[in-house]
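**Q** Attaching a single structure in structure tokens format; questions to follow.
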Amino acid sequence: MIIDFHTHCFDDRIADKAVKKLELKAHISAVHDGTKDGLISHLAECGVDMGVVLPVATKPSQVKTINAWALENSGGPLRFFGAMHPDDPDLIQNLEQVKQNGFKGVKLHPDYQCFFADEPRMMPAYEAIRDLGLVLVLHAGVDVGYPAPVHCTPLMIRRIVKNVPGLKLVAAHMGSHALWRDVEEALIGLPLYLDTSYSHYMLGDETMARMIQRHGAENVLFGTDSPWKRADDEIARISGLPLSAADLDLILSQNAIRLLA
């Protein structure tokens, strides 16, 4: 079984516009059309059994609408996480609703949502996520479509881990896209997950394998950032690393199964 723990799709009514805007901003090309059906077809074509969809609310007013859409579409080969926004006046109540609706986690993107990941005001939100037993997937590092400053660095993530013990935190893009030297110094070995999305193309085999081996395969999740990377290409890259069959199984499925239980 293979689970892609980091995917994206959009409501059919806005998918074309959203994908074209992101392509233009980041100077990259999508590998599918960004719709739910497009994502499902892509995953099936690439031999992926399940995708975890991570919606992002760029405005507080979008939270309830996105979560209603996610609830309606979650099932089959897709499992949606809930959306949240740091400026939502009903943040805690909406997190409770996320839990009640059966979502297993939420996604935050500090660059898209214009906050620094370790701001003191965020700590109660992280504590609420922890206390509700939800998983937090946090965009980490440089976003290729956004200028400086970086809103989520390895040191910021380290502060979150130290301040909110027990939080089930996934630091996307192998801990912080394009800041991997700092990841190796500040995050490797701490109690958090790294996902492999949109990282291998820059890290290369040697560094990718070293980071996984040092952090422990039991703490790494396979992800693609679909529609921005092809799942079959990323599976081939991970499978080509000098890892045991047991470690590959952890990364490609078992760690995700544990978090989604």
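The values are calculated or read from the model by the stated rules, or taken from the named source; none is laboratory data. Remember, predicted model here, so these are calculated numbers, not experimental data. In this analysis, Cβ positions are derived from the backbone assuming ideal geometry, glycine residues included, and neighbour counts consider all displayed protein chains. Heads up: the accessible areas ignore ligands, DNA and RNA and are worked out on the full protein's heavy atoms, side chains in. Shrake-Rupley method; radii C 1.70, N 1.55, O 1.52, S 1.80 Å.
**Q** Could you work out the per residue convex hull volume over the alpha carbons of segment 99-158, in cubic angstrom?
**A** Normalising the Cα hull of segment 99-158 by residue number yields 92 Å³.
**Q** I need the semi-axes of the equivalent ellipsoid of segment 1-95: take the C-alpha gyration tensor, multiply each eigenvalue by 5, square-root it, list largest first in whole angstrom. Don't skip to the answer; put the middle values down first.
**A** On the way: eigenvalues 108, 61, 23 Å².
After scaling each eigenvalue by five and taking roots: 23, 18, 11 Å.
**Q** Can I ask one more? Read through the labelled values (1) -1.12; (2) -0.91; (3) -1.02 and report the label of the one computed as log10 I(q)/I(0) by the Debye sum over Cα atoms at q = 0.14 Å⁻¹ from the structure.
**A** The value computed from this structure is option (2).
**Q** Could you do me a favour and compute the accessible area per residue for segment 186-239, 1.4 Å probe, result in Å²?
**A** Working: 1830 Å² over 54 residues.
Value for segment 186-239: 34 Å² per residue.
**Q** Label points 7 Å out from Cα along the Cβ direction at residue 257 and residue 230: separation in nm?
**A** 2.8
**Q** Once the dipole of the chain is set up with Lys and Arg at +1 and Asp and Glu at -1 on Cβ about the Cα centre, which of 80, 186, 204 lies farthest towards its positive end?
**A** Most positive-ward Cα: 186.
**Q** Determine, from the Cβ-Cβ distance of residue 205 and residue 246 and an R0 of 22 Å, the FRET efficiency 1/(1 + (r/R0)^6), rounded to the nearest 0.05.
**A** On the way: r = 19 Å, r/R0 = 0.87.
About 0.70, to the nearest 0.05.
**Q** Hey, can you rank 219-228, 84-93 by average C-beta count inside 10 Å, highest first?
**A** Values: 219-228: 24.9, 84-93: 17.1.
My ranking of the peptides, most packed first, is 219-228, 84-93.
**Q** In nm, what is the difference between 0.36 nm times the number of residues separating residue 123 and residue 101 and their Cα-Cα distance?
**A** Here the segment from residue 123 to residue 101 would lengthen by 5.6 nm.
**Q** Please work out how much accessible surface residue 229 shows to a 1.4 Å probe, ignoring ligands, DNA and RNA, in Å² rounded to 10.
**A** Its accessible surface works out to 40 Å², give or take rounding.
**Q** How big is segment 104-227 by Rg and Dmax over its Cα atoms, in Å?
**A** 13.4, 38
**Q** Something else about it: State which entries of 59/99; 59/168; 25/162 exceed 32 angstrom in Cα-Cα distance in the structure shown.
**A** Details: 59/99 20 Å; 59/168 24 Å; 25/162 34 Å.
In this structure, 25/162 lie more than 32 Å apart at Cα.
**Q** So, one more: In segment 110-227, what percent of the accessible surface is made up of carbon and sulfur (1.4 Å probe, ligands and nucleic acids excluded)?
**A** Numbers: 2250 of 4300 Å².
In segment 110-227, the share of accessible area belonging to carbon and sulfur is 52 percent.
**Q** Which residues does the label zone of residue 41 cover in segment 211-240, counting backbone N under 18 Å from a point 7 Å along Cα→Cβ?
**A** Those under the cut-off are 226-232.
**Q** Still on this structure, please answer the following. With a 1.4 Å probe and all protein chains left in place, how much accessible area per residue does segment 95-143 have, in Å²? Please list the in-between numbers first.
**A** Numbers: 1690 Å² over 49 residues.
Here the residues of segment 95-143 average 34 Å² of exposed surface.
**Q** When only the heavy atoms of the protein chains count and the probe is 1.4 Å, how do 126, 193, 146 rank by accessible area, highest first?
**A** From most accessible down to least: 146, 193, 126.
**Q** Tell me, what is the 1.4 Å probe accessible area of residue 16, in Å² to the nearest 10?
**A** The accessible area of residue 16 comes to roughly 90 Å².
**Q** Can you list the HN-Hα couplings for segment 158-168, worked out from phi with the Karplus curve (6.51, -1.76, 1.60; θ = phi - 60°), rounded to whole Hz and with x for Gly and Pro?
**A** So the Karplus estimates, Gly and Pro as x, are 4, 5, 4, 4, 5, 8, 10, x, x, 5, 7 Hz.
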